[in-house]
Amino acid sequence: MKVLNFGSLNIDYVYGVDHFVKKGETISSRSLHVYSGGKGLNQSVALAKAGADVYHAGAIGKDGMFLIDVLKEAGADTTNILIQDEPRTGNAIIQNDVSGDNCILLFGGANRSIKKEYIDTVLNGFEKGDYLILQNEINNNAYIIEEAHKKGMIIILNPSPLDEEVKELPLEYVDYFLLNEVEAAGLSGLDPNDLEAQQKLLHVLHEKFKNAGILITLGEKGSIYSDGNKTIKQEAIKVKAVDTTAAGDTFTGYFVEGLVRGEDMYITMNRASIAAAIAVTGKGAAPSIPGREEVEERI
Ligand code: RIB
């Protein structure tokens, strides 16, 4: 089965800092590294490394050609990627602190120049039963979801970063939601700080999205998946974090690969969790995503 990832491609400028810069403050960074990134690209790299037949669609400027090489090297198909004269490739300013945490400022650039004609052309290459995965860093996601639904594609949404626009998408067509706690709370309308409400999260989400599978990653508490009938819990793997960037994307890529293959859900979640744990021990987004062999060795 083919997996189409219609998603962002970013150049990540990663600054090593002692602490995140505060309002009105100027600080010096310890280092600057330039990496390939973007939630879309990272997830395609993870999908391809996990072994999925993944096709990446999205747009870059001429300054982002190396991102195509990164995807190709991982094993993803890049023939659909649009290279624009203007605007430039999307980028992210990432502060990476001493504990490995990050904060990210995005510039959409070419990621926000996705036109309907281009979407139609890309979708022509896919058919009923193929998978579509989307994040929330490109424009025209609503149109992509509607057209993919008409074709009978299976739609997976990782609405990250969550904003108000996500709630306007035709979410009733989504077959699988891949969420972190904040996104899950945002979509459900429950208070993320209310512990009791957290217990109700899955229930409320299933009420809203009746036929969808819902995965929630819970950080140090692992992850939980429910198809509405049965719920599967998986414990987190503890490691010392160097850089948490793209840990979620790594989980997503490995999770979707298992989902597409119809593998036992617990085994899929466990493998995705190990892949994400390895990713946080390396620097950068896409460069830290481990290959299948390394992940299998740790199982
Ligand atoms: O999820 C990590 C990614 O978020 C980074 O690579 C950055 O580009 C942003 O899209």
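The values are calculated or read from the model by the stated rules, or taken from the named source; none is laboratory data. Just so it is clear, the model here is predicted, and its values are computed rather than measured. FYI the Cβ positions are ideal-geometry reconstructions off the backbone, even for glycines, and counts take in every protein chain you see.
Exactly one residue out of Leu201, Leu190, Leu171, Leu157 is of a type in the set (A, V, I, L, M, F, W, C), within 16 Å of the ligand (Cβ to nearest atom) and under 20 Å from Asn136 (Cβ atoms): that is Leu157. Within segment 114-141, the residues that satisfy the criterion of being more than 16 Å from the ligand (Cβ to nearest atom), polar (S, T, N, Q) and either in contact with a Phe, Trp or Tyr (Cβ under 8 Å, 6 or more places away or on another chain) or part of a loop (DSSP other than H, G, I, E, B) (or both) are Asn124, Asn140. Scanning segment 143-152 for residues that are surrounded by 15 or more Cβ atoms within 10 Å (Cβ to Cβ) and either among the aliphatic types (A, V, I, L, M) or assigned to a loop (DSSP other than H, G, I, E, B) (or both), we see that the one that is farthest from the ligand (Cβ to nearest atom) is Ala148.
Any residue at all in segment 69-82 that's more than 16 Å from the ligand (Cβ to nearest atom) and assigned to a strand (DSSP E or B)? Yes: one or more hits. Restricting segment 252-281 to residues that are in a helix (DSSP H, G or I), among the β-branched types (Val, Ile, Thr) and farther than 20 Å from Lys2 by Cβ leaves a set whose member that is nearest to the ligand (Cβ to nearest atom) is Ile278.
Among the residues of segment 216-251, those identified as within 16 Å of the ligand (Cβ to nearest atom) and of a type in the set (A, V, I, L, M) are Ala241, Val242, Ala246, Ala247.
Scanning segment 13-53 for residues that are in contact (Cβ under 8 Å) with a residue 60 or more places away in the chain, farther than 20 Å from Thr245 by Cα and of a type in the set (A, V, I, L, M, F, W, C) turns up just one, Ala52. Beta carbons closer than 6 Å, at least 6 apart along the sequence or on distinct chains, pair a first residue in segment 100-123 that is under 15 Å from Gly61 (Cα atoms) with a second that is at pLDDT 95 or above and β-branched (Val, Ile, Thr) for Gly109/Thr89; Ala110/Ile60; Ala110/Thr89; Asn111/Ile138; Ile114/Ile138.
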